[in-house]
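Here is the structure we will look at, set down as structure tokens.
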Amino acid sequence: MTGLEQEVYRKVSAIIADEEHVLARSGVLTALKKAIDQSAELQGITELIATDPALAAHLLMRANTAQNAGVVKSKHRTFKDALIRLGNDNLYRYSLAFYLKANLELLQEPYRSLVEGYWQLNEDITQAVMAKLYLANEQASPSKIDPDELQTLALFSVFDKVIALTAFASLNQVVERPLSLRMVKSIIDKQQQPLSVQAFDSFDLDDALHHEFCIAHNLEQTDNPDSSGLLLRQVLAKRELLINPL
């Protein structure tokens with residue numbers, strides 16, 4: 001990188017390290033993370049989520065996506081049933097993705113449009129990989145991949161770019177001259193792997209998600225045939241989105 005790129009990269013890294021600069025974090029998300037860390041009772045977590053009807057509706061939609069695709073056979077009689085099936089890790093992943101996406105309205109152009117495009121790409125990738133899982137489960141030996149783990153992983157497919165561009169948008173508001181988008185792209189392309197590590201560390205996401213993300217992007221390998229990362233890798237490779245191309 002050039003000297004200017006290195007200076008800008010250091011500033012962006014500092015912004016990513018302080019998640020409040022990247023996410024106008026909802027009080028519900030903060031409380032939810034604390035409740036999960038403290039192994040709170042399900043009833044308390046359910047009541048906490050219910051204080052944000054938009055989040056509750058989003059979680060129920062995500063929980064039912066796999067079911068509607070024919071991957072999950074059981075029916076959710078109540079919202080609590082859905083939360084039980086999701087588990088704490090998937091619950092927090094879905095919630096974080098929800099609030100990160102909601103953060104879009106705070107971004108200035110052109111970053112808002114760029115980040116919005118990557119969120120749509122995440123959704124497209126998620127649909128594609130869930131379709132693959134459905135087809136795999138139609139075979140004689142169904143896959144053992146957990147559909148919610150796969151779905152949450154897919155929603156973080158280009159997590160590094162979403163966080164990096166959000167951080168660049170924050171930096172762009174305080175510098176004297178607007179950042180060149182060509183330079184922004186150059187930094188993201190050259191520092192994609194360290195940016196992804198910083199993003200996962202900053203938001204305290206679970207190690208399992210990070211591990212499967214690395215497998216999906218061909219940064220780590222596995223002999224586990226039921227790895228959600230391996231299945232996602234097929235979709236990312238076809239779209240030429242791997243951090244480490246095959």
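For the range 76-100, name all the residues that are closer than 16 Å to Leu150 by Cα, at pLDDT 80 or above and not hydrophobic (A, V, I, L, M, F, W, C).
Gly87, Asn88, Asp89, Asn90, Tyr92, Arg93, Tyr94, Ser95
Of the residues in the range 208-235, how many are acidic (Asp, Glu), surrounded by fewer than 17 Cβ atoms within 10 Å (Cβ to Cβ) and within 17 Å of Asp148 (Cβ to Cβ)?
Selection size over the range 208-235: 1.
Quick one: how many residues across the range 21-57 are surrounded by 15 or more Cβ atoms within 10 Å (Cβ to Cβ) and either modelled with pLDDT of 85 or more or among the aliphatic types (A, V, I, L, M) (or both)?
17
Could you tell me how many of the residues in the range 101-130 are of a type in the set (A, V, I, L, M), assigned to a helix (DSSP H, G or I) and at pLDDT below 90?
So the count comes out to 3.
Within the range 35-59, how many residues are of a type in the set (S, T, N, Q) and in contact with a Leu (Cβ under 7 Å, 6 or more places away or on another chain)?
Looking only at that region, the number is 1.
Given the conditions (1) at pLDDT below 95; (2) in contact with a Cys (Cβ under 7 Å, 6 or more places away or on another chain), which single one is not true for Glu220?
Result: Glu220 passes all but (1).
Among the residues of the range 138-172, write down those that are hydrophobic (A, V, I, L, M, F, W, C), modelled with pLDDT under 90 and under 22 Å from Leu91 (Cβ atoms).
Ile145, Phe159
Being aromatic (Phe, Trp, Tyr) and over 16 Å from the mean Cα position of the chain (by Cα) is the filter here; which residues of the range 99-151 pass it?
Tyr111, Tyr134, listed by residue number.
Starting from the range 132-158, keep only residues that are surrounded by 16 or more Cβ atoms within 10 Å (Cβ to Cβ), then list their pairs with residues that are acidic (Asp, Glu) and part of a loop (DSSP other than H, G, I, E, B) whose Cβ atoms are within a distance under 8 Å, requiring at least 6 positions of separation or different chains.
Final answer for the pair search is Ser143/Asp226; Ile145/Asp226.
Run Gln120 past the list (1) under 25 Å from Asn224 (Cα atoms); (2) without any contact (Cβ under 8 Å) to a residue 12 or more places away in the chain and report the number of the one that doesn't hold.
(1)
State which residue pairs qualify: first residue more than 15 Å from Ile163 (Cα to Cα) and inside the range 93-111, second residue among the polar types (S, T, N, Q) in any location, beta carbons under 9 Å apart, and separation of 6 or more residues or different chains.
Final answer for the pair search is Tyr94/Gln151; Tyr94/Thr152; Ser95/Ser26.
Here is a check on your reading of the model: is Ile187 of a type outside the set (Ser, Thr, Tyr), in contact with an Asp or Glu (Cβ under 6 Å, 6 or more places away or on another chain) and either surrounded by fewer than 16 Cβ atoms within 10 Å (Cβ to Cβ) or more than 23 Å from Glu240 (Cβ to Cβ) (or both)?
No; evaluated as a whole, the condition is false for this residue.
The values are calculated or read from the model by the stated rules, or taken from the named source; none is laboratory data. Please read all numbers here as calculations on a predicted model, not as lab measurements. Counting neighbours? That spans all protein chains shown, and the Cβs are built from the backbone with ideal geometry, glycine included.
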